[in-house]
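A quick write-up on the structure given underneath.
The values are calculated or read from the model by the stated rules, or taken from the named source; none is laboratory data. Only a predicted model underlies this, so the values are computations on that prediction, with no experimental measurement involved. With ideal geometry, Cβ positions are generated from the backbone for all residues, glycine too; neighbour counts draw on all protein chains shown.
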Amino acid sequence: MPPPYVRHVFVCQNERSCDDPRGCCLARGGAEVREAFALELKARDLSKRIRANKSGCLDACENGVSVVVYPEGVWYGHVTPADVPEIVESHLVNGRPVERLVVARNPTPSGPP
């Protein structure tokens, strides 16, 4: 049986104290962004193939709300719920990352580190 998901969308929901200068994705709307992904994927009948996961710290606080799509390893920053339909349509459906939000790309791993 093949794995149930072909992609995972990890949305940072890390929480730090309000006096931490790095801030945190949860305070910047991480929960709302993950919910927007879950609803958009369900509305497009993609939720059985693409999973919107909440994540702990992705260590990209300067780019919060941070989102990473695997297996491609495309990192998005400053994502809002309003950006979600564009990411789903462009990247998850058509394979074209939304360049205005991309902050990094991981190379495809060739084996163990």
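Points to keep in mind about this one:
- Selection of first residues in the range 88-106 that are of a type in the set (Gly, Ala, Ser) and of second residues that are exposed (fewer than 11 other Cβ atoms within 10 Å of the Cβ), restricted to Cβ pairs under 8 Å at least 6 apart or on distinct chains, gives the following pairs, ordered by first then second residue: Ser90/Arg96.
- Pick from the range 96-112, criterion modelled with pLDDT of 95 or more and not in a helix (DSSP H, G or I), ranking: surrounded by the fewest Cβ atoms within 10 Å (Cβ to Cβ): Arg96
- In the range 24-35 there is at least one residue that is of a type outside the set (A, V, I, L, M, F, W, C), modelled with pLDDT under 95 and in a loop (DSSP other than H, G, I, E, B).
- Residues of the range 78-93 satisfying the condition of being within 18 Å of Asp45 (Cβ to Cβ) and aliphatic (A, V, I, L, M): Val84, Ile87, Val88, Leu92, Val93
- Residue match in the range 38-47 (condition: part of a helix (DSSP H, G or I), aliphatic (A, V, I, L, M), over 13 Å from Gln13 (Cβ atoms) and under 11 Å from the mean Cα position of the chain (by Cα)): no
- Residues located in the range 36-51, provided they are farther than 15 Å from Thr80 by Cβ and either modelled with pLDDT under 90 or crowded, with 16+ Cβ neighbours inside 10 Å (or both): Ala38, Leu41, Leu46, Ser47, Ile50, Arg51
- As a summary of the residue check, Tyr76 satisfies the conditions (1) more than 22 Å from Pro3 (Cβ to Cβ); (2) buried (at least 18 other Cβ atoms within 10 Å of the Cβ); (3) touching a residue at least 40 places away in the same chain (Cβ under 8 Å) except for the one numbered (3).
- Within this structure, Val88 passes the test of being outside any loop (DSSP other than H, G, I, E, B), out of contact with any His (no Cβ under 6 Å at 6 or more places or on another chain), closer than 17 Å to Arg34 by Cα and of a type in the set (A, V, I, L, M, F, W, C).
- Whichever residue in the range 1-23 is of a type in the set (A, V, I, L, M) and under 18 Å from the mean Cα position of the chain (by Cα) and, among such residues, is modelled with the lowest pLDDT: Val6
- Between Val68, Val93, the distinction of being over 10 Å from Cys25 (Cα atoms), among the hydrophobic types (A, V, I, L, M, F, W, C) and under 11 Å from the mean Cα position of the chain (by Cα) belongs to Val68 only.
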